[in-house]
Amino acid sequence: MNMNMNSWIIIIDERRAGGMLDAAQKLGGEVVAAVVGPRALADTIAGLGFDRVLCFETAEGVPAEAYAAQVAEAAEAAAPRLVLASDAPVGRMLIGAVAAKLNAALIGAVRALAADGERIVVSRSTAEGKVLEDVEVQSALAVIYDGEDMEVSSTQPTPVELIPVVDPGLTLRLIETIEAGEDSAGLLTAARVVGVGLGIGSKDNLKLIEELAEAMHAETACTLPVCDDMRWFTSHSVVGSSHNQIAPDLYIALGISGQPQHMSGIRDAKVVVAVNNDPEARIFKNCDYGILGDLNKIVPALARAFKTIG
Ligand SMILES: Cc1cc2nc3c(=O)[nH]c(=O)nc-3n(C[C@H](O)[C@H](O)[C@H](O)COP(=O)(O)OP(=O)(O)OC[C@H]3O[C@@H](n4cnc5c(N)ncnc54)[C@H](O)[C@@H]3O)c2cc1C
């Protein structure tokens, strides 16, 4: 068996595109972006440094999933050794269709890839992120990439190749978009976020958090039990493996123990500050700065300091 190391990266938005490109380039083969979405997205991806950029341009009002069969057929003809997609729901659906067509092994929660001769060694996280394990793959491989993102760019944009697609007809049509009340958009793009855990103690204490968030010009977020058990926030504010993944410049975790399900949602935060009154709290092993003490005293002091510096 003599397998190529060429990769296809299925792209439905910009999320982790740089990280996936970097991971695939390390294997040494040609790296192709298969963009399933608007032409403007393909033009953006063309600036990242892929060897080729294919664009499966979606028609207005037709979801990317409607093109799954066509993308899978094109992938089968190209026969890449490796296919990657981010863990966005549409990406996961498309890579499933492609993997089935390529008869490829499909692995999720992948953090890194390495070539070892003809084999690919896949490092993936399991047990809610507590364990990393290496899996060796000899066949064609499809991975849902959950590793580091990376800022990449090339001086010379890659020409975009428009792949002729057939209108999927009435297979899938977007008929209505309804705002689901409060949304998470502000949280997803915020530069500063204050995260609230059960250590806040009572609903009355939330006004301390609001004062701090206002002084910091920050969005607020919470852990799952603060939403599900206490009902002090809606699910739009929950950060973690089952909810929002955020990447602020600064995340201040207040009364949060630091369980992996929460921490995986702030993996891309640049600086994490934890306030906790338990010196053994797990979050102290996973933060850049730890403040040991009662948040009832520390939060007002932080708010005063942020008001001073603006
Ligand atoms: C399948 C599954 C999916 C999950 N998904 C998510 C998810 O997406 N997001 C998420 O957040 N969780 C998720 N969870 C729950 C997760 O496992 C934890 O239970 C949760 O994150 C803990 O929340 P917490 O840190 O607020 O509470 P706790 O673990 O109870 O921690 C409270 C912390 O506050 C500290 N504290 C108490 N009083 C004070 C004080 N006065 N001053 C300072 N510190 C104080 C304590 O020392 C403690 O460390 C999931 C669980 C499962 C099983």
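Of the solvent-accessible surface of the range 185-309, computed with a 1.4 Å probe and all protein chains present, 51% belongs to carbon and sulfur.
Assuming charge only on the beta carbon of Lys and Arg (+1) and of Asp and Glu (-1), the dipole of the range 1-63 about its Cα centre is about 180 debye to the nearest 20.
List residues of the range 31-74, by number, whose backbone nitrogen lies under 19 Å from a label position 7 Å along Cα→C-beta of Asp167. Under 19 Å, as judged by backbone N against the label point of Asp167, lie 37-39, 56-71 of the range 31-74. Measuring nothing but how far apart in sequence close Cα pairs (under 8 Å, 6+ apart) lie, relative to its length, the range 51-160 scores a relative contact order of 29 percent. Ellipsoid semi-axes for the range 1-54, based on the Cα gyration tensor and the rule √(5λ), read 21, 11, 9 Å when sorted largest first. Farthest toward the positive end of the dipole of the chain, out of Ala46, Ala33, Ala221, is the Cα of Ala221, where the dipole comes from beta carbon charges about the Cα centre.
Along its three principal directions, the equivalent ellipsoid of the range 1-125 from the Cα gyration tensor extends over semi-axes of 22, 15, 14 Å, largest first. What is the local net charge at Pro38, summed over the other residues whose Cβ is closer than 11 Å to its Cβ (Lys, Arg +1; Asp, Glu -1)? Residues near Pro38 contribute -3 overall.
Take the Cβ atoms of Val271 and Asp229, set R0 to 22 Å, and the FRET efficiency comes out at 0.15.
If you take all other residues with their beta carbon under 9 Å from the beta carbon of Val90, and give Lys and Arg +1 and Asp and Glu -1, the sum is -1.
Kirkwood radius for the range 136-247, taken over all pairs of different Cα atoms as the inverse mean of 1/r, rounds to 18.5 Å. Altogether, the Stokes-Einstein calculation at 4 °C and 1.567 mPa s, with the Kirkwood radius of the chain over Cα pairs as Rh, returns a diffusion coefficient of 61 µm²/s. Compute the relative contact order of the chain as a whole-number percentage, counting only Cα pairs closer than 8 Å that sit 6 or more residues apart in sequence. Normalised by residue count, the contact order of the chain is 15 percent. Between Asn4 and Arg192, the simple label model (points 7 Å from Cα in the Cβ direction) yields a spacing of 5.0 nm. The range 109-164 and the range 263-310 have Cα centres spaced 32 Å apart. Per residue, the chain reaches -7500 deg cm²/dmol at 222 nm when only DSSP H runs of four or more residues are counted, each adding -39500 (n - 2.57). Would you compute the Debye intensity of the range 185-309 from its alpha-carbon atoms alone, equal scatterers and no solvent, and pass along log10 I(q)/I(0) at q = 0.14 Å⁻¹ to two decimals? The Debye formula, applied to the Cα set alone, gives -0.50.
Selection among Pro248, Ser235, Pro260 by position relative to the dipole of the chain gives Pro260 as farthest towards the positive end (Cβ unit charges, Cα centre). Quick one: of Lys207/Lys307; Lys207/Lys297; Lys26/Lys101, which pairs are farther than 21 Å apart, Cα to Cα? Violating the 21 Å limit, Cα to Cα: Lys26/Lys101.
Under a model in which nothing but the beta-carbon of Lys, Arg (+1) and Asp, Glu (-1) is charged, the chain shows a dipole of about 560 debye around its Cα centre. Here r is the Cβ-Cβ distance between Arg92 and Ala127 and R0 is 22 Å; the resulting FRET efficiency, rounded to 0.05, is 0.65.
The values are calculated or read from the model by the stated rules, or taken from the named source; none is laboratory data. Since we're looking at a predicted model, the values are computed, not measured. All Cβ positions, even for glycine, are placed from backbone atoms using ideal geometry, and neighbour counts span all protein chains on display. These accessible areas exclude ligands, DNA and RNA; they are computed on the full protein's heavy atoms, side chains included. Shrake-Rupley method; radii C 1.70, N 1.55, O 1.52, S 1.80 Å.
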